[in-house]
Each structure stands twice: as C-alpha cells, then as structure tokens.
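Okay, so here's the structure we're looking at.
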Protein chains: 2
Amino acid sequence: MLKAVVGEPNVSTAAVVLEQHGHDESMHRCSPPDAVVWPQSVEQVSRLAALCYDHRIPIIPFGTGTGLEGGVNAIRGGICFNLTHMDRILDLNVDDFSVTVEPGVTRKALNSYLRDTGLWFPVDPGADASLCGMAATGASGTNAVRYGTMVENVVNLEVVLANGQILHTSGQGRRFRKSSAGYNLTGLFVGSEGTLGLITTATLRLHGIPEATVGAVCAFPSIQTAVDCTVQIIQSGVPVARIEFLDEVMIDACNKYSGLTNAVAPTLFLEFHGSQQGLEEQLRRTEEITQQNGSSHFVWSEELEEQNRLWAARHNAWYATLALRPGCKGYSTDVCVPISRLPEIMVQAKEDMKTSGLTGTIVGHVGDGNFHCILVFNSEDADESRRVEEFVKQLGRNALAMRGTCTGEHGIGLGKRQLLKEEIGPVGMETMRQIKSVLDPKNLMNPGKVL
Amino acid sequence: MLKAVVGEPNVSTAAVVLEQHGHDESMHRCSPPDAVVWPQSVEQVSRLAALCYDHRIPIIPFGTGTGLEGGVNAIRGGICFNLTHMDRILDLNVDDFSVTVEPGVTRKALNSYLRDTGLWFPVDPGADASLCGMAATGASGTNAVRYGTMVENVVNLEVVLANGQILHTSGQGRRFRKSSAGYNLTGLFVGSEGTLGLITTATLRLHGIPEATVGAVCAFPSIQTAVDCTVQIIQSGVPVARIEFLDEVMIDACNKYSGLTNAVAPTLFLEFHGSQQGLEEQLRRTEEITQQNGSSHFVWSEELEEQNRLWAARHNAWYATLALRPGCKGYSTDVCVPISRLPEIMVQAKEDMKTSGLTGTIVGHVGDGNFHCILVFNSEDADESRRVEEFVKQLGRNALAMRGTCTGEHGIGLGKRQLLKEEIGPVGMETMRQIKSVLDPKNLMNPGKVL
C-alpha cells in the first residue's frame, strides 16, 4: 500500500517522501537517518566523513530535500549531512561568466544575487533547489532545450570523498570554459546522486540575461502535430528558450483550477529570449510553423504580466492536477525518448492510464523528448496504488523500448534501480559498480541509491 | 634535441609525430607498435582485445592519426588497432537530430553524407579527424563557442573494454537528448584518449544547418580591446558561431603568405549563423560593440566567396606561420584560461617568445579562452629546441596560475602528463588512477598516456 506525499517540482518547500508498505522498488519508504549534522565548512565535512569512514557509518548528503526519487532517504541509517549552513556565494566573475556556490545556495538565491550583473543561471527544475543538489542529481527543467542541463553548466566541483579527502574535479579553483585535461571527473560527479561523494561547492557557468522575453501559447489538433511542430521549430534554428507541452486533460484541469479559457486541446507553451528585433523574427517563424501544423490560434506577449497570464496553465499544472481528486496524492513519472517517438509514447500512456482506471495529466519538456505523467491517486487504496506502480513501470519500459531513458531529469534514487539495470545493461551496470567500488570501497556514500 | 613534424589541425593528412632524443615529457619520441590490425567489426575488436588481455599486450587505438599530443605512439609496444575499415554511418534520425558513426567516419565524410538532410555536425577541430577519435580526445575547435565541444555532442558510445567486453555508455542503441540515469559514462569516456577502452561507435547530436552565414573581420588597437569586445559580444547574447583571434605577427605573416592587405593589428575573425533577418541584427549589434572597443573597420560579407577571402588569413594561419622560417618545424601550444585573463597571458606569451628568441604567432578561440602559440623552430638546433620546451612548459604554468588548463582541446597524450598533475592535484590524479585501474587493471589500454 502506498502512502505518497510527492513534492511538485516548483514548490520550494516540497517535502519529498514516498512511503510504501511493501518491497517494490518503484516506490520507497520514508527512512530517517540516525543523526543529522550541520557542518559549517568543507574542513568539517571532510573530518566528519573521515570519522564515518573509520566507523563504517553511512553518509546521506542533504540540500533542500526537493529531489523526487527518495535520494535523501537513509535506508541503511547513518548520518545525514545537512549542508544548508554552508551558503556562501564565492568568486563571482562577470567577465568569465562564472560563480562558485556552496550547498546552501539555491538557484533563486543565486539569481537574486546576480540581478545587477546582467547574468543569470538558467537551469530551472521548478523547485528552488540547492544548486549543489541540482549538480548531484543532474537536474534540468523547462529551459534545458536552450541552455542545457546541469552537466553542461557545471565547470568544477569540490567534493568530499568517502575517506574524507577533498577532490576538486577540475583542479582547485579552476574555472575555464573547456578543457581536455584528463578524465572528465566533473561530468562523472554530476548526477551521481551523492553516491560517490559530498559536493561542497559547485562552480557554475552563467549566461547573459536576455534583453527581452516573449511568452506564447498555441493549441493543436493532436499530440502528433504539436510534436511535429516542436521538431520543426528546433530544426529551423529558432533558439526557443522553453517549449512545454500540456495534454488536453491538463488544459481542462488548469482551466477549471485557475478559471482560464484555454482551448481544451494539446497545447504548446513557448518562451523566447533575445533582442527586440530578434524576438520578432523568432515569433514570426514559429507562428508560421505552428500554422503549418494546424494550430490556428498563436497568442503571444512581451509584457511580463500578460506572459504570466498566458503561462498560468503551465505554472499551475501540478496543483490543477491534484485538484482533479481533492485529498489524493500526486506522483510524477519522468521518461525521456527520442523526440520522434514522443507522440506514440504519450498516446500509449494516455490509453494505459484509461485502461488502468487512473487519473493523470501530461506535461512535457518536448524539446528534449522528456515528459511527466502526473498521476493523482488514493494512496490508501491498495489496489489503485498497485495500478500506479504498474503503470509507472510499464511507462519506463515503453521508453526503454523506444531507445529512451527511464529518467530524463529526476534521477534513479531508490525507485528506478531495476529500470536502470534494464536501461544500461549488465556491462554498463558492472562499469558503474566498479567506479563506485573504487571511490567508495566501504559503500558508505548514500548507500542503496542508484546502483 | 627535437625532431618535430607536427600536423596543422586543419590539414587532413597531418602526420603527427614528435620525435625527441631525450626524456623530457613535454615532447615525445615516435614509437611504432609491434603490429597493426584492421578489425572489420566490433566483434573482431572485442575478440582481439580479449586476446591482448589474456597475453598482456598493450592496445593502441588509431583513427586518422590527426591528434596532436602523441596519443597514437606505442611507447610500450603492443598492437595498434587501426579502426578505419569500420566506416559505416548508421541509424540516421533526422527528426531526432542524431546519427551513429563507426571510427572510420571522419567529420567531413559525415557532413557530406548529411548534406541533403538539413542537418550537420558542427564540431570542427580543423583536421578531417575521425569522429570517434574526436570523441576519444574531447576535441572542439573554432565553433565550440556556439555548438559546444565533443562532450556536449556525444549521446552514446560503444566501447570495447580492456577485457573485450562491449559497453554501451548510455545503454545499447539509446539516443535520448538528456538523461539522469546513473553515472555519466559517456562523459567519462569522451576525452579519455583510448586509455579506458576502444570507441567502436559514437552516437552524435546533430544541428540544423543555418539558413545563412556571414563572415566578418575587424582589427583592434590592442589585444585587450579585442578580448573585451569578445566578452561583450557574448554577454550581449549575440550567438556568434565562431570568434577567432589572430595577433599582429600572425596577420603580418598571413599578409605576406597569401598576398593579403589586412591591417597589421590584433584582429577578430567572426562568423554568424542564422536567418537573413537575424543575421542583420547580429551584425549590427556586433559592429556597435567593435566600434565601442576602438575597431574602426568592420568588414563583413554574406557571399561565400567573399567570406573565404575575408577569412583567408585565419584559414592559412598554420602555413603562413611555417613560412616565416622555411624548412623549420611547427609546434602548437593549447592553453585555455578564464576569458578575462586572456590579454594578460597572451601579452606575456608574446614577451616570453621575444625573450627566448623564438618565432611564433598566436591564434585563439577567444570565445572559449583557448589559444594556440604556433612556434616555428629549427628542430636540429638543440638549444632552440630546449627553449621551445621551456617556453611551452612556462606557458602551461602561466595558464595554471590563472585558473586555466594546460589543454583546451588537444588533450594530455604524452607531453602534458606533468602539467596535468599540477593542474588537477594529487587527489584528482589519484581519483583518475583509481578509475583507470579498475577499468583497465592490467594497464593495457594506450598505456603511458594521460596518467
């Protein structure tokens, strides 16, 4: 039986705990640690880690707890390293587009700090997550289609290894834009979910704040035409900053929840960044492509307030879905497939939801081929909970069959370890295990996660 | 004493061999393997690797041999795996912007194959290198400022490991745009220079061919103003596709070599990709910024022939430098620093060349902070060869002191192992060695390189 409380990605206070009375891997119990420490510096983290190493005590890194796959659950007990008291922003270099942050710094805090510099950090998973935590989970979000995910935006990491040693993945204090010096340790630690070490600072790549922003919305006759349109927009070279898909069930839910009047149809929400003149052309070309794909109503605005109104459905998607069944819990899937397979897998997912008697909506970062089914279910109903689990697993396998991944941005955590095995295969798993075993020989770093 | 024959990055036939009579690490002897094999399939590579594993025979992967750091030298003997007979282009997916290539496929062959699809693969190191080799060395080049390096453009790799096992770094046949499933093995193998395994296919991310291209050139009163201009162009959001710097010595050499009349001054060569209208605006904004930085003469063209004329100096930079001292050899450095430090390090390099009595030019991918000093020297002159080595090492250390890297895109190979140690530090080196030791326990994969 499931007892699920899942945080919506764009809720900063999300407490992400999935409770389950059973042994199925796709969901996970809430497991508190034996103790929590709040180190104030990398030296303290290092000394504490060395102590844990000597005494074989598991270490669970903790940032904002906004992760969605149970990564902070202490399933083997141990000590939770709450790193939020390390919250300095260091070494801002405007001309070099780089900054270094400690684990207590969230993306909103950083962007607020950067406000007057003309720069920003674009990766936006929704939640106001810790940037070091975003590095740890390989986060991305709505604008990865333009600015990339964490792996493309982390320049260097300071990591405390299992034995307490302090590693600088690109060399201490380095902040070059590119390098081919030795193995890409930065890329290895990004997305390792705390299983290889504790990230104590991240040096990030910054981007220029766009001169202007335009938001747009357009409805389509089908999922297929909305996805075709997405492919053509990208192929035509329009540097779209966000391109989000909502299915008609989601639109309907949003209309009801927020009193909107969006056409109840598969819909794309777009955002463009650029100069005034550049935006005009991006809009013109995009509108042409939307019309060629059967969208008759392309609405856009360069006024912030009006953009917020246009994007209201997208912004409230999580709560609008929860409101479909008051008192129920939500669960978000996270598969990612080659874009050409999106229509097929989304149509199949909608049919499977219907067949399984489940209620859910779809929202997708379609430019990346990544989408989420948001399921609302009665976690007290054992049978419904089982159907949710089966649906989630089947969707993951459908994605794998289409050459996709079981997780585009949420990570493996506890729940997707079986799917990871199917995704990467035995040699890949063995390679990952070898790396883990040599860097964390006592299996103390966030044990039981990922592998 | 040095006997150097270094291939210019943009010469497809470059034979890259640095011969040295001495034991200094910054240059390297030509070391042929004991035997060469030409496998036709991944199965053959796998069986051959397993044989080598059983008999403890080193393996040296070979693509086009265009690498610049001696990566194909068989310094401990062994078998050269020439992979050029595996030259199929597989699994082109236009809607998904992806393609898979075997090691015999060069970037020009791929782009020729893609010509009618509207897509291209942009990473351009100059040489017509094998794409799998470019993945192995973490190559980049002139347009990384816009399209990224190999690490951002490789989606999946098929790798034969030391023991003959076949690994698919993102899972067999997968070609998603993003994933957070487990450790980033793809990123680990990109840039590992054949020391962790043999890359037998690479799945690549493709990009839309730009509607139009504009080339431009402008001269500056100083290195500082040229770099300031570069920073401002990037910061203003102009998506410049290439931004190359040539110092006044290089411009003078190019004028003489190619009968050009470029102003003898620090100069930026730019290329813009986009739609007709978008390009107009990119040009207008860029010209404004160049003028603000003291450049009085911004010349541009959208005609291909005229663009080639404008860019002639950049295209002929290597040969123009060699022509400064006919009969002499060339050597290219490769440091990369935070952009703000570029003026300082380039001015210092020019002074050091003068002080050392060396002849050389500077060409830089300034948008990335990466530049090359191209030195021409008499390899028969022991004293001059020694001065080249000292200059090269000092430049690497200057870059490290400025938080940079000793190699932006050429890799470590044989010559930069000492600098890598200084760059990454003891814990970083130990981490890399641990990874190497567990994936290649007998140290047979391209031994003696990188670590």
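Here are some notes:
- Matching residues, the stretch B:210-260, being under 22 Å from the mean Cα position of the chain (by Cα), under 24 Å from B:Val123 (Cβ atoms) and in a loop (DSSP other than H, G, I, E, B): B:Pro239, B:Val240, B:Ala241
- Of B:Ile209, B:Ile199, B:Ile234, all but one fail to be at pLDDT 95 or above and aliphatic (A, V, I, L, M); the exception is B:Ile199.
- Residues of the stretch B:268-279 that are in a helix (DSSP H, G or I) and either buried (at least 18 other Cβ atoms within 10 Å of the Cβ) or more than 14 Å from every other protein chain (Cβ to nearest Cβ) (or both): B:Gly278, B:Leu279.
- Looking only at the stretch A:413-427, and only at residues there that are facing chain B (nearest Cβ under 7 Å) and touching a residue at least 12 places away in the same chain (Cβ under 8 Å), the one that is farthest from B:Leu157 (Cα to Cα): A:Leu420
- Summed over the stretch A:117-139, the residues that are more than 14 Å from chain B (Cβ to nearest Cβ) and not in a loop (DSSP other than H, G, I, E, B) give a count of 3.
- Contact annotation: residue pairs with Cβ atoms under 6 Å, 6 or more positions apart or on different chains, pairing a residue in the stretch A:428-439 that is more than 7 Å from chain B (Cβ to nearest Cβ) and surrounded by 17 or more Cβ atoms within 10 Å (Cβ to Cβ) with a partner that is assigned to a helix (DSSP H, G or I) and not aromatic (Phe, Trp, Tyr), are A:Met429/A:Lys421.
- Residue within the stretch A:180-192 that is out of contact with any Pro (no Cβ under 9 Å at 6 or more places or on another chain), touching a residue at least 12 places away in the same chain (Cβ under 8 Å), among the hydroxyl-bearing types (Ser, Thr, Tyr) and assigned to a helix (DSSP H, G or I) present: yes
- Extreme residue, farthest from B:Lys416 (Cα to Cα), among residues of the stretch B:330-349 that are away from chain A (no Cβ under 12 Å) and touching a strand residue (DSSP E or B) at 6+ places or on another chain (Cβ under 7 Å): B:Met346
Let's see how each residue does on (1) touching a strand residue (DSSP E or B) at 6+ places or on another chain (Cβ under 6 Å); (2) on the phi < 0 side of the Ramachandran plot:
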position: B:Thr359; (1), (2): yes, yes
position: B:Gly369; (1), (2): yes, no
position: B:Phe391; (1), (2): no, yes
position: B:Asn398; (1), (2): no, yes
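- Filtered by the rule that a residue be within 19 Å of A:Glu389 (Cβ to Cβ) and either within 14 Å of chain B (Cβ to nearest Cβ) or buried (at least 23 other Cβ atoms within 10 Å of the Cβ) (or both), the stretch A:350-370 gives A:Gly360, A:Thr361, A:Ile362.
- Residues of the stretch A:144-179 classified as part of a helix (DSSP H, G or I), more than 10 Å from chain B (Cβ to nearest Cβ) and under 21 Å from A:Leu90 (Cβ atoms), total: 1
- Residue list for the stretch A:292-345, restricted to those being charged (D, E, K, R), within 23 Å of the chain's Cα centre (by Cα) and not assigned by TED's automatic domain parsing to the domain that holds A:Cys373: A:Arg314
The values are calculated or read from the model by the stated rules, or taken from the named source; none is laboratory data. Not measured: the values here are computed from a predicted model. With ideal geometry, Cβ positions are generated from the backbone for all residues, glycine too; neighbour counts draw on all protein chains shown.
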